[in-house]
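What follows is a short report on a single structure.
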Amino acid sequence: MSEIAQTTKMLSRKEGGVGYLIFNNPERHNAMSLEMWDATHRILDDFAHEKDVRVVVLTGAGGKAFVSGADISEFEKLRSSPELVEKYNVVSDKAYEGINNFPKPTISMIRGYCIGGGLGLALCTDMRICSDNSKFGVPAAKLGLGYGYTGLKRLVDLVGPSFAKEIFFTGRQFDAQEAAGMGLVNRVVPSAELESFVKTYADTISGNAPLTIHAVKMTVAEVVVEDRNRNIQRAEDLVAGCFASNDYKEGRSAFMEKRKPVFNGN
């Protein structure tokens, strides 16, 4: 295990091929401060440049929350005017985009509250796996907040327009089973099994061919954009790169020799 760039309220570590990004503000249910938004982007940048890190798991410290939203106690000082709102949004948007555009697979390991900006963060990851006692919601309508197009589109793309409206119109909290029924999460597991389940998933992905996984991730990203912006050639080039790789040779050899493949990402 090695430690990577971190701050008091944002921790990171590496275990094998898996990097962990940990929101560490448990006294506020991991509510995101401006410092935490900024550190999220920087930690992800470190992981992106570490070849040995093939999967990143995002999770919250303290056992009661993934992220409970933005730290509202900062709003009077940091979001009390249009100019301050814009400045704040530049930093938080950088964190969202850093997750959404991260080149490697990402998993949100969710236990407890996943609310507001926390749900927004989770929506940016490739998969969401939660404990059976998790709670989800976006209370924007209870605070008078506006919610931007990009974040709403991520939600609509995942759960559809009707569920997206229900989440925002009611502002209420949804339990894990409701979240699964909407397609908001991939898996719901007993709380005691969450960490081992996610570790197994992450280790499985880490052991698979990185070029294949990257090609799928990038191609799915092309699938969900508007037709006129879709780069089909990029998807085809990524597929061709898989077939031309040493990992493809290794996969074939391992299959014929009835052994586990060892992929190097080239």
Selection status of G183, of a type outside the set (A, V, I, L, M), assigned by TED's automatic domain parsing to the domain that holds S80 and closer than 17 Å to K64 by Cβ: no
Of residues in the range 74-114 being aliphatic (A, V, I, L, M) and crowded, with 20+ Cβ neighbours inside 10 Å, the one nearest to G63 (Cα to Cα): I110
Among residues of the range 79-138, those that are farther than 14 Å from A65 by Cβ and among the hydrophobic types (A, V, I, L, M, F, W, C), counted: 13
Matching residues, the range 62-76, being of a type in the set (A, V, I, L, M) and either farther than 26 Å from D175 by Cα or touching a residue at least 60 places away in the same chain (Cβ under 8 Å) (or both): I72
Flag for R234 being over 18 Å from the mean Cα position of the chain (by Cα), under 26 Å from N264 (Cα atoms) and not assigned by TED's automatic domain parsing to the domain that holds F102: yes
Residue within the range 59-70 that is in the same structural domain as T40 (by TED's automatic domain parsing), modelled with pLDDT of 95 or more, part of a strand (DSSP E or B) and more than 20 Å from E27 (Cβ to Cβ) present: no
Pairs, first assigned to a helix (DSSP H, G or I) in the range 88-105, second of a type in the set (S, T, N, Q) and surrounded by 15 or more Cβ atoms within 10 Å (Cβ to Cβ), C-beta under 7 Å, six or more apart: A95/T40; G98/T40; I99/T106; I99/T125
Qualifying residue in the range 88-97 (condition: modelled with pLDDT of 85 or more, within 22 Å of N24 (Cβ to Cβ), of a type in the set (D, E, K, R) and touching a strand residue (DSSP E or B) at 6+ places or on another chain (Cβ under 9 Å)): no
Flag for V53 being at pLDDT 90 or above and surrounded by fewer than 24 Cβ atoms within 10 Å (Cβ to Cβ): yes
Subset of the range 115-160 that is touching a Ser or Thr at 6+ places or on another chain (Cβ under 8 Å) and assigned to a loop (DSSP other than H, G, I, E, B) - its residue that is surrounded by the most Cβ atoms within 10 Å (Cβ to Cβ): G116
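The values are calculated or read from the model by the stated rules, or taken from the named source; none is laboratory data. Computed from a predicted structure; not experimentally measured. All Cβ positions, glycine included, derive from the backbone under ideal geometry; neighbour counts span all protein chains shown.
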